[in-house]
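Structure first, then comments.
The values are calculated or read from the model by the stated rules, or taken from the named source; none is laboratory data. Just so it is clear, the structure is predicted and the values come from calculations on it, not from any experiment. Cβ sites come from the backbone with ideal geometry, for glycine too, and all protein chains shown count toward neighbours.
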């Protein structure tokens, strides 16, 4: 069982790394390496002796899968949605986090949290390097990199895309790393290296020119100051000060970012005006089938809504949308209820627990203008983090109970 556990632990790590850094498989379909890797979990789940218990994540996500399947069938049968293999592909990729949740039950959670710590430490350096090389187009890297990842776009705004193909999703990836490093600093006092990485990642964040991500980072900084006010208030304020000193003088070099904020405040931002139109169309379709939605219906409706709340309502109705929101945000209540147990976890797992909590601020805001749950690159890491956290504090409680 130990060898199987080690294999699954490494496979989960590969799924996370490939979801963040690997390009799509160039075969004409929207298939990613992490999709293929997730399929390798199936034989172990089916053939290996069950080693997991029913938990809230498993139950809640199973309800999501059932709801989405019913919505899809409802769309085909009652709304005359044309059948599409793209819809089936959508359901399969939504199935991936469910496989991950089950597979984590076979893992040593401390080992997995150690691997995750390494992903954050090494991945931060990789994102910084990619960001600077892409932004300054060193050795004509940008053209080569975009060809490898299959990006086709006009980059006249000089926004970096990293490995995401979308500057806003790229910014969200950067935020994951910034949030983790920030929690690590405030929980351990590991200052010089981690703070340096945070500041360099802030520069990469500015290079994406994602207004949403900048807002998220400010909110996360303030929230971190609140959560760690008793432990490290001075250090929190110091980090905020360093970020302000670094960012403000540089904002004038990022016209897309600054002009975007100005035009948004004046109500003339073309990007937001287009979003308003997309939101209006999604709401109109939602009203036609409010309970169950239309299903993915990719051959009938556009996938571009730029607001995941409206996208979920249109596709899966009130029931599906409510189930997704419950799955994503109920961790807040779990964290608050078990904060004492979480604070007694080892430092790596505790850092992951706080990162999961503060990442929900990112999730809530990003879903207003982009996709998180159905964005594929961002979900696997979040699912692994909350599964590690919840499994770890339950294990801790069980050990304390056993020891009297």
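Do the conditions hold for residue 169, that is, is it closer than 26 Å to residue 382 by Cβ, part of a helix (DSSP H, G or I), touching a residue at least 60 places away in the same chain (Cβ under 8 Å) and out of contact with any helix residue (DSSP H, G or I) (no Cβ under 7 Å at 6 or more places or on another chain)?
Spelling it out, residue 169 is indeed closer than 26 Å to residue 382 by Cβ, part of a helix (DSSP H, G or I), touching a residue at least 60 places away in the same chain (Cβ under 8 Å) and out of contact with any helix residue (DSSP H, G or I) (no Cβ under 7 Å at 6 or more places or on another chain).
Of all residues in the stretch 123-152, those satisfying the criterion of being surrounded by fewer than 13 Cβ atoms within 10 Å (Cβ to Cβ) and in contact (Cβ under 8 Å) with a residue 40 or more places away in the chain are 148, 150.
For the stretch 279-370, please list each of the helices (runs of 4 or more DSSP H) lying entirely inside it that holds at least 3 residues being surrounded by 20 or more Cβ atoms within 10 Å (Cβ to Cβ).
308-329, 347-369
Taking the stated definitions as given, is residue 212 closer than 14 Å to residue 355 by Cβ, at pLDDT below 90 and touching a helix residue (DSSP H, G or I) at 6+ places or on another chain (Cβ under 7 Å)? Criteria not met by residue 212.
When the stretch 244-269 is filtered for residues that are modelled with pLDDT of 75 or more and exposed (fewer than 14 other Cβ atoms within 10 Å of the Cβ), the ones remaining, listed by number, are 244, 245, 248, 249, 250, 251, 252, 253, 255. Checking each residue in the stretch 213-237 for being surrounded by fewer than 19 Cβ atoms within 10 Å (Cβ to Cβ) and within 17 Å of residue 168 (Cβ to Cβ) picks out 215, 218, 219. Is one or more of the residues making up the stretch 58-75 in a loop (DSSP other than H, G, I, E, B) and either more than 16 Å from residue 99 (Cα to Cα) or at pLDDT 85 or above (or both)? For the stretch 58-75, residues in a loop (DSSP other than H, G, I, E, B) and either more than 16 Å from residue 99 (Cα to Cα) or at pLDDT 85 or above (or both): absent. As for the stretch 113-121, it holds no residue that is touching a helix residue (DSSP H, G or I) at 6+ places or on another chain (Cβ under 9 Å), part of a helix (DSSP H, G or I) and modelled with pLDDT under 90. Restricting 240, 179 to those that are touching a helix residue (DSSP H, G or I) at 6+ places or on another chain (Cβ under 7 Å), surrounded by fewer than 16 Cβ atoms within 10 Å (Cβ to Cβ) and in a helix (DSSP H, G or I) reduces the list to 240.
Residues of the stretch 182-198 that are in a helix (DSSP H, G or I) and surrounded by fewer than 17 Cβ atoms within 10 Å (Cβ to Cβ): 188, 192, 193, 196.
Of all residues in the stretch 124-145, which are at positive phi and in a helix (DSSP H, G or I)?
Correct list: 139, 140.
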